[in-house]
Ligand SMILES: Nc1ncnc2c1ncn2[C@@H]1O[C@H](COP(=O)(O)OP(=O)(O)OP(=O)(O)O)[C@@H](O)[C@H]1O
């Protein structure tokens, strides 16, 4: 089941085309990462699906329904860090957020604080919190009203590795408790660790989208090394099934259809072509590799 469907969204700011025909859908129960270099349109897209901005054309719908206030109550958002009061406790800050936003009942504050693991520190002043705790409180605010969906824009921005790990763990826990999570991020490694699905954007266009495992494993990448890499490049260009070929430093890297990387066969092919390999390795495709392949083409 899909919780969000985006169809052919376009958005321009004057001459700048921020979104150029974006379409994809978000499955229920997923952790859906929206990845892209700076300026690729992630924030613009999130702002549109949260009714903060209007698209020039295209449509989106949550839960296969037309946009409504009831529906908005099912979506918790963290677009930018809220302005919490430094001299107030977490509980009091969330109470103010609750009253202003009209989201959630009074008893829900403790539940939200428990979910973001700040319950024990609920009476401490906000000013005494670490950056990671402050960000967890912001996610706690997004949880008021018990939304089934959370939309988070760069939730680990500015955090140190410990803070990033805490947020990562929290996102996984919230997802295990039933929240579908849509998260825009530029941290490829983090997205690879936590996301089930990913959409990769560049210059307002969607480059690819799908389950992380599928996006990453389009082809098998094999690294080869020999004394003369130019000859190796020429010879491997003739190897059956090569989808793409390039040099990286002294190595030749070939892309083969998924599951087609037979190292023994490649080795004997090279040997029979007069090349003795000094390096032969199947590279585990990382999302980072795929991201750079897609965004640099
Ligand atoms: N209010 C605005 N006025 C003019 N141009 C804008 C405005 N907001 C965004 N843009 C432009 O639209 C494009 C997409 O920006 P957007 O902030 O959506 O990208 P992003 O992927 O979220 O980037 P970042 O990771 O840097 O936040 C960029 O070229 C940006 O300069």
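Taking springs between alpha-carbon atoms closer than 10 angstrom, which of 82, 161, 27 fluctuates most in the Gaussian network model of the chain? Maximum among the listed residues: 161. Note on the chain: GNM, Cα springs under 10 Å; of 221, 263, 45, the largest mean-square fluctuation is that of 263. Only helices enter this figure: runs of n ≥ 4 DSSP H residues, each worth -39500 (n - 2.57), summed and divided by the residues of the chain, yield -9500 deg cm²/dmol at 222 nm to the nearest 500. For the chain, the longest principal axis of the C-alpha atoms and the axis of helix 161-176 are separated by about 80°. Look at where the Cα atoms of the range 45-91 and of the range 176-196 average out, and the two centres are 18 Å apart. Over the range 108-165, all Cα pairs binned in 5 Å intervals from 0 give whole-percent P(r) values of 4, 19, 29, 25, 17, 6, 0, listed from short to long.
Stokes-Einstein diffusion of the chain at 10 °C, 1.306 mPa s viscosity, Kirkwood radius from Cα pairs, rounded to a whole number: 74 µm²/s.
Estimated from the Cβ-Cβ distance and a Förster radius of 25 angstrom, the FRET efficiency linking residue 264 and residue 230 is about 0.55. Spin-label pair residue 249-residue 213: with each label point 7 Å from Cα along the Cα-Cβ axis, the two points sit 3.1 nm from one another. I want to verify a result. In a Gaussian network model of the chain, Cα cutoff 10 Å, which of these has the top mean-square fluctuation: 200, 245, 22? Result for the chain, Cα springs under 10 Å: 245 fluctuates most. Each of 63, 271, 234 has some number of other Cβ atoms within 10 Å of its Cβ, and from fewest to most they run 271, 234, 63.
Cα axis of helix 287-296 to longest principal axis of the chain: angle in degrees, 0 to 90, nearest 10? The angle comes out at about 80 degrees. Were the residues from residue 272 through residue 57 laid out at 0.36 nm apart, the gain over their Cα-Cα distance would be 71.6 nm.
Dividing the alpha-carbon radius of gyration of the range 234-276 by the rule-of-thumb value 2.2 N^0.38 Å gives 1.11. Rounded to the nearest 10 degrees, the angle from helix 90-101 to the longest Cα principal axis of the chain is 80 degrees.
Bear in mind that the values in this text are calculations on the coordinates, not laboratory data. Since we're looking at a predicted model, the values are computed, not measured. Cβ atoms come from the backbone with ideal geometry, glycine included; neighbour counts cover every protein chain shown.
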